[in-house]
Each structure stands twice: as C-alpha cells, then as structure tokens.
Amino acid sequence: MSFNVLIVDDSAAMRSVIKKIVALSGFKMDRCLEAGNGKEALEILSHTWVDVILSDLNMPEMGGMEMLAELKRDKMLKEIPVIIVTTEGSEDRKHMVCTMGASGFIRKPFLPEEVRKILYQVLGVNDEGSYGEEQSDNAGSDF
Amino acid sequence: MREATEKNRVIMLEAIFEVFEKMLFIFLEPSTEKISGLDLGASISFQDDKLQGEMRLLFSTDLAVHMAQNILNPEDGRVTEEQIEDCVKEAVNMVCGNYLSKLDPRRVFDLAIPVFLKKPGKTVSGDQAFRLDFASDDGPLCFMMGSSVRR
C-alpha cells in the first residue's frame, strides 16, 4: 500500500527537503503534491484525495493553523491527518497544534526514520505500510 | 558570563551540525581559522520577554550553490539566485529554531522572517556575541550570533 502526501510550505526549498527526506525514509509514497500555503492546499484538496498532510505553520495568505481549522470544518476533509512540521519546538506550540486537531508534530531538523515513524503512526498502519497488527511502540508522535 | 557563552557555543554547534547534516546534506568541520570569502548570507532576529538577538549564516558562493543543488536536485544542475536565497534563508531559520528550542523548550520565542544578505557585514551587535567558523568540501561557512538581555 502506498500513500498520497501533500506538503504545504511557502519555501520551495523546504518542500524539496521534506520530499527528499520522506523518499529517503522508505515511506511508501505514491504521489507527492505541493502547495505554497494553506489556501493552495485547500484548492488541491478540493479535487485530489491525499492520505496525509505535512504542513508548516507560518505562511503567507493562509497559515497552517488556519488551514487546519478549515479542514476540521469540512465533512470530507476533516479526517485527513495533518502533521505540523516546524522549527518552533516549544511545548506551548505543540500543545496549541494538538488542541487544534493536528495529528502529529515534527520539529525540524529531523531524520528520515523519524518522519517515517510519525507518518505511519498517524495513518494507523504498521512500519511495512499496511494495516496489520497494531504497533507496540508509539513513539514518534509528540502527543 | 564566560561560562554562559561557552554553554551557548556548545548548544549552537550541536544545532548547526544537526541542521546541516540531517536536512541540508552538508558535513561541516569546525575551523579555528577566521574564514574569508563569505559572499552572501541570511540573518534572522529573535526575541522573547527576556532575550533578544540576531543570528547570521554567511556562505561562500560555492557552498550556497552546492547546498541549493543538494536540496533541489535540478535536472540540469543549475539553480537560480532566487532558489539560493530561499535555501540560505531556510538554513538560518532552522538553525535559529533548533538552537532556541535546545536552549529552553519551555520558552516561546518570536522569530522574524529571515532576511537575505547579498553583501553581509562581518559583525553582529549584542551584550554577548560570538562567531563560529566552519570548513566543508564545498567552501567555508560562518555563523555569528549577538544577543542581549531585554530591559
């Protein structure tokens, strides 16, 4: 089983870094879509299904938290797991994104194995990328 | 004061190595020589209720181009000035965020938007200021930070 991933970041360089690290991680990725802000992400989601979103917080036009709020208001999209990828690692910030409904939080810089672990965890699949036995190790999410 | 600066230096070294190795695929070696040939860079300001400061990363053109190529993998190997600028700004943003969360994960800092420096100055201001120089296969890198306690 492979998954469609949407990367949301206003920096093309950072989208490329994240895409590269996800690919290096061995995560089974089918399509990788990119958006420069929350508004562009919602536009993509209006016609393309994705399994998981990796999003920055601070972006022009529509930031990560505003996008998350929009997703949670939408019947079709509210179940898509959103992982916040940010340089801001304070406990307060993690708590805030958790209460807003993000499924995970990963702080830059991160290793390929860290991103793979959290991706499979929020997707509820095992490390082989299939819906098998539940993982016993739940590390990888900061929640 | 000296002890605090030394502690900051150790945390900063760790923060820089992590970002460059994990995210930018560049391996740095600390250098004791003061490096020249730093053509461009990026700066970021940060503050919370107790501390304010500025960090700068200065690159040789070769290193900045190599970093952008590493990140973007262009088919023809070419990167534009705009792409180099984006990569350099992201690098300083990540180093700053990583350093501050290592300094104290309970504190919430405001980070300004990174600024690209075409002809970077070689000094930063602040009550505490330090500089770290690095060498790499693709050219030198210099990090500078100045910070002051907010009054």
Quick one: give the max-minus-min coordinate of the C-alpha atoms of region B:1-108 along each principal axis, largest first, in Å.
48, 32, 22
Can you tell me which lysines have their Cα less than 17 Å from the Cα of A:Lys78? Leave out same-chain residues fewer than eight positions away.
A:Lys39
Quick check: residue separation of B:Lys7 and B:Ile113 times 0.36 nm, minus the Cα distance between them. What number comes out in nm?
35.5 nm
If you project the alpha carbons of region B:71-151 onto their three principal axes, what span does each projection cover, largest first, in Å?
51, 27, 22
Can you compute the radius of gyration and Dmax for region A:27-110, using only the Cα atoms, both in Å?
12.3, 35
Taking the protein assembly as shown, the whole-percent share of alpha-carbon pairs separated by over 25 angstrom is 49
Over all residues in A:7-19, what is the mean tally of Cβ atoms on other chains that come within 10 Å of each residue's Cβ?
5
Using just the helices of chain B, give the 222 nm mean residue ellipticity in deg cm²/dmol: DSSP H runs with n ≥ 4 each add -39,500 (n - 2.57), and the total is spread over all residues, rounded to 500.
-11500 deg cm²/dmol
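What's the FRET efficiency of A:Asp127 with A:Thr48 using the Cβ-Cβ distance as r and R₀ = 25 Å, to the nearest 0.05?
Between A:Asp127 and A:Thr48 the formula returns 0.40.
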Which entries of A:Lys20/B:Lys22; A:Lys72/A:Lys117; B:Lys50/B:Lys102; A:Lys94/B:Lys22; A:Lys19/A:Lys108 have Cα-Cα distances beyond 19 Å here?
A:Lys72/A:Lys117; A:Lys94/B:Lys22
Two decimals is fine: what is log10 I(q)/I(0) at q = 0.15, 0.16, 0.17 Å⁻¹ for chain A, from a Debye sum with one equal scatterer on every Cα and no solvent?
-0.68, -0.78, -0.90
For B:54-63, A:63-72, ranked highest to lowest by mean beta-carbon neighbours within 10 Å, the order is B:54-63, A:63-72
Under the rule of at least 5 residues apart or a separate chain, name every residue whose amide H is placed under 5 Å from the amide H of A:Met29.
A:Phe3
Using DSSP, restrict attention to beta bridges with both residues in the protein assembly as shown and report what percent are antiparallel, rounded to the nearest 5.
65
Share of alpha-carbon pairs per 5 Å distance bin for region B:88-135, given as whole %:
4, 15, 19, 31, 22, 7, 2, 0
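All of the numbers you see were taken from the coordinates with simple rules; none came from a lab. Treat the numbers as computed from the prediction; the structure is a model and nothing was measured. In this analysis, Cβ positions are derived from the backbone assuming ideal geometry, glycine residues included, and neighbour counts consider all displayed protein chains.
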